[in-house]
Amino acid sequence: MTSGLRIGLALCFLATAIATAAQETPAKHARVELLSRQSAVAAGSEIQMGVHFQLDPGWHIYWVNPGDSGQPPAFKWKLPAGFTADEIQWPRPERIQTNPQIADYGYHGDVLLIVPIHVPQVTNADSDKQDKLQFAAEAKWLICREVCIPEHAQLGIALPISAKATEDPSAAKLFAETRRLLPRSLPRGWNVTARSTHDDFVLAVAAGKRILKAEFFPLDPGQIDNSAPQKIQPTPTGAKITLKRSDILLKPITVLRGVLVIAGGPAYRIEAPVRQKIQ
Amino acid sequence: MKNRRLMLRACVLLALMASAFAVKVGDPAPGFTSVDSNGKQQHLSDYKGKYVVLEWHNQGCPYTKKHYESGNMQRLQKEWTAKGVVWLTVISSAPGTQGFVTPSQENEYLQTMKAAPTAVLMDPGGSLGHLYGAKTTPHMFIIDPNGTLIYNGAIDDHPTTDQSDIAHSKNYVSMALQEAMGGKPVAAAATRPYGCSVKYKD
């Protein structure tokens, strides 16, 4: 065998190896990869994919509402024919306050942004079971510490088709852990409403039990003042949370949407109807 | 006498800072005195009767770079100052942080970038930034000839670092100036500013 052929074969082998496994892409201050919870795709099923960020200490990326500065990550998908990508499922954010005037919402450390992918009833590759399906995402994100760096990467993964979707055990663990961080709907019997006053919104949380510590993350920018401290007042059946109105909010709002994180507990999706102040 | 007046002005400024960290559209824009990159004192009151644009700036921030490396910000500065608008660029980066520059470094930058603001206000202590509640670079404010704040927010409607977005963006500053000069109310008078956080001292 000539050495040229040998190198060629080695390259082919390498290319195949890369195509079957998710690639971890080194980026500035982070490693980023596209993961799939399933190791094989079944027609008509839903698969869970996710962009996994492992951020260097001190660096952060942003939530869907980044707060006062920054920008959320965005993915542009290139999927096999008939496949569709859902919205990003954002885990509960953390408040990142660098000074009394500026507060952002985002993530440090290890972050998985899950995106459900819908598989059509019939896939083109059905006839040839050897074929692997290629999934690609062009990811753009902003990573910040004291300074911010816009980043992007082409991420990809290949999955075989099988009669039944199978889970990749190591990925499944990370997906399951992340799903616990996703905001859930309010428990039955809970109720959250908001009242608009001159300077504030007062969230009234009725939970049937006292809430000592909680934090609200607004989904829509420009409604509440991100950097103002949130005042929480426990009540026998829940809590009242006072949120300062944003200076750039000029018109009344009818709903305050966001995520309510109960300290030491879960995060809930909130859609509080806003009652206007009585003039 | 002059010293006493200066002192009084400083006290008023401090009182304003303590009372509010931000300004609201429709309210009188708080007055200020600041030193520009040529060492000249700039008073907001000097520009009564004119439209004044305030542009928060950090030359290292990728969002600021989007608008300077594309020439978009310079284009706006030239267009509006030619129409009599006063354009004040403000640098609130604290020493040792991104975007902090000495006056001569800033003047060099203005020349290299062919930027054309009326003046650049050096605010390394951040007092002007805090007075207006400037959060990002860029963050834009517009004051009308009566001294009322008529715009607070983003430069445009595409919160990205991509220069290719500028062509299909709605520029809120130009829209507000056009409307106000045409005697119309400003439709988008307050928007969420986007960019890097202002690199304040504290």
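Please treat every number below as a calculation from the coordinates, not as lab data. What you are looking at is a predicted structure, and each value in this text was computed from that prediction instead of being measured. When we count neighbours, we look across all protein chains shown, and the Cβ atoms used for this are built from the backbone with ideal geometry, even at glycine.
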- Query: With no solvent and one point per C-alpha, what does the Debye sum give as log10 I(q)/I(0) for chain A at q = 0.08, 0.12, 0.15 Å⁻¹?
  - Reply: -0.44, -0.85, -1.13
- Along the principal axes of its C-alpha atoms, what lengths does region A:92-210 span, in descending order and rounded to whole Å? 65, 44, 26
- Task: May I ask you to order A:260-272, A:182-194, A:148-160, B:88-100 by the average number of other C-beta atoms within 10 Å around their residues, highest value first?
- Result: B:88-100, A:148-160, A:260-272, A:182-194
- Message: Can you list which of the DSSP-assigned H helices in chain B have a Cα extent of 18 Å or more along the long axis and an average Kyte-Doolittle score of at least 0.5?
- Response: B:2-19
- Task: Whole number please: convex hull volume per residue, Cα atoms of region B:131-202, in Å³.
- Result: 91 Å³
- With viscosity set to 1.002 mPa s and temperature to 20 °C, compute the Stokes-Einstein D of chain B, Rh being the Kirkwood radius across alpha carbon pairs; µm²/s, no decimals. 126 µm²/s
- Note on the structure: Subtracting the Cα-Cα distance of A:ARG95 and A:VAL64 from 0.36 nm times their residue separation yields 9.9 nm
- the protein assembly as shown: projected area of the alpha-carbon convex hull, averaged over directions, in nm²: 30.5 nm²
- May I ask you to compute the full-extension gain from A:ASP56 to A:ARG269, defined as 0.36 nm times their residue separation minus their alpha-carbon distance, rounded to one decimal in nm? 73.8 nm
- Pairwise centroid distance, computed over Cα atoms, of region A:225-242 with region B:85-153, Å: 35 Å
- Cα-based helix-to-principal-axis angle, A:3-20 vs chain A, degrees rounded to 10: 30 degrees
- Partner chain Cβ atoms within 10 Å, averaged over the residues of A:97-103 - can you pull that number for me? 6
- Over region B:36-126, what is the percentage of antiparallel beta bridges among all DSSP beta bridges, to the nearest 5? 10 percent
- Reciprocal of mean inverse Cα separation for region A:57-155 (Kirkwood radius, Å): 15.5 Å
- Message: Could you check the spin-label model distance between A:VAL147 and B:ASP162? Points 7 Å from the Cα along Cα→Cβ, value in nm.
- Response: 2.4 nm
- Pairs beyond 30 Å (Cα-Cα), from B:LYS48/B:LYS170; A:LYS231/A:LYS277; A:LYS213/B:LYS66: A:LYS213/B:LYS66
- Going by alpha carbons, how many degrees (0 to 90, nearest 10) lie between the helix axis of A:169-179 and the longest principal axis of chain A? 20 degrees
- Estimated distance in nm for a label pair at A:LYS244 and A:ASP220, the labels positioned 7 Å out from Cα along Cα-to-Cβ: 2.1 nm
